[in-house]
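None of the figures in this text is laboratory data; all of them are computed from the coordinates on show. Since this is a predicted model, take the numbers as computed values, not measurements. Counting neighbours? That spans all protein chains shown, and the Cβs are built from the backbone with ideal geometry, glycine included.
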Amino acid sequence: MVPVHHKETMFRRSSVNFALFLFVSDIVLTLIALTVALYLRPDLPPLPFLVPMPEARMPIVLYFVVPFLWTAIFLLTSVYDPKRSNRLLDEIQGISFATGIAALVFAGLLYVAHREFSRYLFVLFLILDLAFIVGWRVLLRAVLHLVRLPAADRRVLIVGAGSVGRRVGQMIEDYNWTGLNFVGYIDDNPAMPNGDLRLLGKVQDAGRVVEKLRIDDVVVALPQKAYGQINELVLALHRLPVQVRVVPDYYSLAIYRATVDDFGGLPLINLRDPALNDYQRLMKRLFDLVIGLLALVVLSPFFLLIALLIWLDSPGPIFFLQKRVGENGRLFDMVKFRSMVVGAEELQAKVNEVNGNGDILHKHPDDPRVTRIGRLLRRTSIDELPQLFNVLKGEMSLVGPRPELPWLVVNYEPWQHKRLAVPQGMTGWWQVNGRSSKPMHLHTEDDLYYIQNYSLWMDIYIMLKTPLVILRGIGAY
């Protein structure tokens, strides 16, 4: 099946974009609380056990230390993990705990470096900061309850319109303020009354319905006698970018290494659990944004030099856009410095070879399409640097499996599709561990190792090791 387009990550409570929004808003609110506290301090009534201060002063450096400290503690205590903040009370408790920890660390820093800092100002700042952040969360929840943005929808299809399926459908309707959008049912029972059940087809139509209606989540709520269809259903949806959950009563599904989620109070088995949880995804995205932006700023003069060399070497555009397959099969335009002659893609079929195992080899060290400056760019991987723009757009990550060509993904074995479960990267585990002349689609086992053992420290390790591998120049052409 050809990789399909899918809508971009949506702005909903459970999305990385929403977590980033909260992250930035907390920084702003913390700075506002600090400024307001400093402004109000001289007008507050004196207390007998505090030393009078005619003018409240604060070192400028604290305007940088405080937001950094607050956000670091909030990240470490998982304040932005949506699984820990489904209920308002849980979210308030998490924010309060994180603020308390940050306050203790801040007090320790003040004791060491700025003992003259007003204790009255310190307490006032903490009260205002907690009030602003909690108040903002309450306001956001109220807005999400009242205003349903089309872009916030997460479209849900239920397989099975029996009593359990209808219960799940009602639950989704009750929780639609979180971004859940119940689309309808599919079921094989022709005797089932239509009514308002929104029947969209039979179970065998699942793949077609998911693609046509752009479904994000499939909930399987079939009766026990129909459990034999679940294996076929999972296989039919395997290559589509959807989450598949099953109402638990089918224990043989343990072979899928499934996890159990609480879906509005109803336990569901997740057969397509994301390779990265929401917290890992947030940390990875922050890492990409910070490092990617700094790299672009530092490398911008170098980009101009490379652009001039390409322009002088051969006619054609400076940059080359190529369709690649990203996370969950989404197509995007990957940006590279042009290293081949114009029209090189039309000649791809002429340079492809098939080895003794039937594997397609589409890259060769003596590829006649590569330009003179292109050989240098490819050997040093400089041609890959413009992908920093893809990283900032969220289409790629700094570290991850390399994005593959669509015509190669079409020929993937089913198990190879697992490498598309995470954001595709500029560099990865394959590149820094025995990079050779074998194409990346023959190194899927390295990508799966990365996915199964992912951590932010692993990303940092790969980033630090990548320049050393590039200097060796092994397998780059």
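Per-structure values
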read-out	value
Modelled FRET efficiency - R0 45 Å, residue 376 with residue 122, Cβ distances, 0.05 increments	0.20
Gain on full stretching of the segment that runs from residue 92 to residue 63 - 0.36 nm per residue minus C-alpha separation	8.0 nm
Whole-number Å³ per residue for the convex hull built on Cα positions in the stretch 16-146	118
Relative packing of 108-116, 276-284, which averages over residues the other C-beta atoms within 10 Å, highest first	276-284, 108-116
Simple spin-label estimate for residue 105 and residue 232 in nanometres, 7 Å along Cα-Cβ	5.5
Residue-span extension gain [residue 24 to residue 295] - 0.36 nm each, minus C-alpha spacing	95.4 nm
Computed lengthening from residue 176 to residue 40, 0.36 nm per intervening residue step minus Cα-Cα distance	44.8 nm
